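A quick write-up on the structure given underneath.
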Amino acid sequence: MAKGVSVFKDPEKTLYPKLPDVPDLKEGDRGLVRTKLHTFTADDPVGPKLHWDPIHRADQDPWKDFREIMRIEWKMEITYRHCLGKYSKFFIELENKKFYATECPKCGFVWAIPRPVCPDCLEITTWKELPGTGTLESYSISEFVPAFMKVELPYVLAMVKLDGADSLFTHQLRNWGTDRSKIKTGMPIKVAYTKEPVNHPLLSMWFEPA
Amino acid sequence: MSDRRVFVLGGGISKMAAERVDGNIRDWVTEAVMEAVADAGVEIADIDHATTSYFSDHFDKQLKMGAIFHDCIGMCPKPNVRVEGGGGTGGLAIRNAYAYIKAGLCDSMIIYGTENMGRHVPSDVAQQFIALASDTDWEVQVAGFYIAYYALMMLSHMEKYGTKEEQFALASVKNHRNAIYNEYAQSPMRITVDDVMNSPLITSPYKLLDNCLLSDGASCLIFATEEWAKTHSTSWYRKPRIEFVGTGCGSDYMRLADRPLPYPGITHFRAKKNASKQAYKMAGIKNPAKELDCFEVHDAYSGVELVSCEDLRLCGYGQSGPLYEEGYFDLGGELPINTSGGLIGMGHPVGATGINQGIEVLTQLREEAHPQRQVPLNNGQGGMDSHGGTGTFVAVNIFRRVD
C-alpha cells in the first residue's frame, strides 16, 4: 500500500457503515426548542448482516418504532479551586529554581515525585534538594496531543532518573533541537526553569539535554 | 471459603459503534440485559442482585447512573452496587459477582457495563476525560496522556528485548481481522502490517491503527449458583455449563515513574502478574500457556497486548514479539488471543469492555462463536484480563466448561 493512503478511505476494508452526516438545524428551524440540533431517523446499528447471524432476533429490527431521535446541545463550564496540599513546597520552590524531592527517614528511598509519606514504610518523609541533573530513562515523541493540553507539536514526554533520586520523574523534554535521532535513552538531562509566567506551577520547570 | 460454585448463565451485548445515535446509554444497557436474560433463560424478577459497571460520570454528565440502569430493567427494589477501576471496571464487576455469590450475599447476580464515549463530546474533550484517569497533579499537567505513557513503556520494551514496531503492528492486524467474524464489533478490518506502519504517527512508536477505539455500547452477564440455576434458568439443561473458577486482582502505582526498578520498572505490568498468579492458583492452572484454550487480553494499544502476554505468563519475558511473528496467538495458533477482536477490533466502551471479554470467553467455551473464530477446545478453559490505567488496576478471571 502506498505511503500516506489512509485505510479508512478504502471502503472494502471497513465493513461497518459510516454514519450519515446530519447537519445541525438553522436557528429559524429549531421550533420551540432553542438548543435543538436535529431530529433524525437512526439506522439499525447492527447494520448489514455478515455471513452468519449469531443474534437471535425474531424481528430484524425490533426497535423500529423508536428510531426517531432528537439531539440537543447542553453546555457546562466548571472551574476548580484546586489545592496542592502537602506537596506544595515542591511547587513553591520551583519559583526559586530549586528542585526538591522527599526522602524516607526509615528506608532512605528518595521519591523524585515527592510524597509526604513513604508508601512503603508509612513514615513522614523529609524534603531533600536534588542537583537537577540526571539521565533519560525512556521517552515518547508525540505528533498528536489533545487540544486542551496546549503544547507545541511534536513534543517529547520524558521519563528521567534524577541524580540522588530512586524513582523516576515525568516531564517534557524541550530544546532538543530538530533531530529526533539525537534523543537517546541514557543521555544526560538537566532541569530547566521558566522565565515566563505559567498556568500551572509544574510548568515552571522542564527537562533539557545537559 | 464456602463450597458454593458460581456459574455463568448467559451474556448479552449491544452493538459497539463509534457513535450510537439510535439511543442513549440507558437504552444500550437495556438491550444488552434483554439479550442476556434471553440467553440465560431466566426472568429478571428472579435475579437477586445487580452490579453496575461504568467508569466515568463525565461522559454522560450523570452521577449515580447505576440507579437509572437498575430501574430501567426492573430490578428495583433489589440491591445494586457500582464498581469502578478505570479500564478494569468490567473485569472487577465480574469478580464482584463471584465475591457476592460466593459469600452468600445473593444466589444470582446480573452485571451490566457500559460507557457513552462516542461523540456526545468532541474527541478532544473525551481525551481530557480519559486523561483525568492519570495523576492530574503530576502527569496531566506536563501533557501526559495515555498513548504517551504506553509509548514510554513500549520504547523500554523495545530497548530491553529487541521487540520491533512491526511485531506490535501484528497484534493490531490480528485483532482487526478477528473482529470481522464478530457482528457486534466496531472496527472489523482486513489490514496488513504495512497499513498499520503507514497510518498516521500519533506518538512514536504508536500509529493510529495501533490504538483502541472510543466506543458506545453496553454488555451484560448473569451469574448464579448451581441450585439457583436449576430452578430458575431454562438454559441450564440445554446449554454447556460454564463455571467461574478463578479470579485475581492486582494494582500498581498510579504513576509509571514510581514503579520499582528493575521489575516492573516502566516495562512490565506487575499488577497483571499478581492478578494472574492468584487466578491461576485458584483455578488450579499450572501452565497457563498449555492449559488455556483462549484468552481475552486488554489490548488498549497493540504493544500492551504483547507485554500483557508476558506478565500473564502466556509466554516468557521478551518472547512475545517473535511469537506474534509465528502466529502463535492467532486464530488457529497455539493460544488464540482476543478472538472477539479485542479492544482494537471490538471497541472499548470502558465499563463494558471487561464484560465483553467475559462474554467472548463464555461464547468460545460454549462453542457458539462464529465458525471462523471458534477455537478448538482442549481443556475447556479460557481467561480474560482487564486493566485500568497503565496497569494500575487489573482483574484476571478464568472460566471453565463443566459438562
In segment B:97-135, residues that are open to solvent by 40 Å² or more (accessible area, probe 1.4 Å), among the acidic types (Asp, Glu) and touching a residue at least 60 places away in the same chain (Cβ under 8 Å) total 1
Worksheet item: If we scan segment B:230-242, do we find a residue that is open to solvent by less than 30 Å² (accessible area, probe 1.4 Å), within 14 Å of another protein chain (Cβ to nearest Cβ), modelled with pLDDT of 90 or more and not in a loop (DSSP other than H, G, I, E, B)?
Response: no
- Would you say B:TYR184 is within 13 Å of chain A (Cβ to nearest Cβ), closer than 30 Å to B:PHE7 by Cα and open to solvent by 10 Å² or more (accessible area, probe 1.4 Å)? yes
Going through segment B:1-30 in order, the residues found to be in contact (Cβ under 8 Å) with a residue 24 or more places away in the chain, out of contact with any strand residue (DSSP E or B) (no Cβ under 7 Å at 6 or more places or on another chain) and assigned to a helix (DSSP H, G or I) are B:ARG26, B:THR30
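Looking at B:GLY144, is it buried (at least 20 other Cβ atoms within 10 Å of the Cβ), of a type in the set (Gly, Ala, Ser) and free of Cβ contacts under 8 Å to residues at least 24 places away in the same chain? Lay out the reasoning, then the answer.
Details: buried (at least 20 other Cβ atoms within 10 Å of the Cβ): yes; of a type in the set (Gly, Ala, Ser): yes; free of Cβ contacts under 8 Å to residues at least 24 places away in the same chain: yes.
It is true that B:GLY144 is buried (at least 20 other Cβ atoms within 10 Å of the Cβ), of a type in the set (Gly, Ala, Ser) and free of Cβ contacts under 8 Å to residues at least 24 places away in the same chain.
Which residues, counting only those in segment B:208-225, are open to solvent by less than 10 Å² (accessible area, probe 1.4 Å) and either among the aliphatic types (A, V, I, L, M) or outside any loop (DSSP other than H, G, I, E, B) (or both)? Even if it seems obvious, please write down each step before you answer.
First, pick out the residues of segment B:208-225 that are open to solvent by less than 10 Å² (accessible area, probe 1.4 Å): B:209-210, B:215-225.
Selection gives B:LEU209, B:ASP210, B:ASP216, B:GLY217, B:ALA218, B:SER219, B:CYS220, B:LEU221, B:ILE222, B:PHE223, B:ALA224, B:THR225.
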Checklist entry - Of the residues that make up segment B:265-284, is at least one outside any helix (DSSP H, G or I) and more than 30 Å from A:PRO114 (Cα to Cα)? => result yes
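Out of everything in segment B:154-181 that is of a type in the set (Ser, Thr, Tyr) and more than 7 Å from chain A (Cβ to nearest Cβ), what residue ends up being farthest from B:ASP216 (Cα to Cα)?
Within segment B:154-181, the subset of a type in the set (Ser, Thr, Tyr) is B:156, B:161, B:163, B:172, B:181.
Narrowing the set further to residues that are more than 7 Å from chain A (Cβ to nearest Cβ) leaves B:161, B:163, B:172, B:181.
Values: B:TYR161: 36, B:THR163: 33, B:SER172: 20, B:TYR181: 19 Å.
Per the criteria, the residue is B:TYR161.
With the requirement that a residue be hydrophobic (A, V, I, L, M, F, W, C) and either surrounded by fewer than 20 Cβ atoms within 10 Å (Cβ to Cβ) or facing chain A (nearest Cβ under 9 Å) (or both), what does segment B:250-272 give you? Walk me through how you get there before you give the answer.
Within segment B:250-272, the first condition is being hydrophobic (A, V, I, L, M, F, W, C), and the residues that meet it are B:254, B:256-257, B:261, B:266, B:269, B:271.
Result: B:MET254, B:LEU256, B:ALA257, B:LEU261, B:ILE266.
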When restricted to B:GLY341, B:GLY347, B:GLY382, the only residue crowded, with 24+ Cβ neighbours inside 10 Å and either charged (D, E, K, R) or away from chain A (no Cβ under 14 Å) (or both) is B:GLY382
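The values are calculated or read from the model by the stated rules, or taken from the named source; none is laboratory data. Predicted model, so just to flag it, every value in this text is computed and none were measured. Glycine gets a Cβ as well: all are built from the backbone with ideal geometry, and neighbour counts include every protein chain shown. When the accessible area is computed, the model is the full protein with side chains, heavy atoms only, and any ligands, DNA or RNA have been set aside. Shrake-Rupley method; radii C 1.70, N 1.55, O 1.52, S 1.80 Å.
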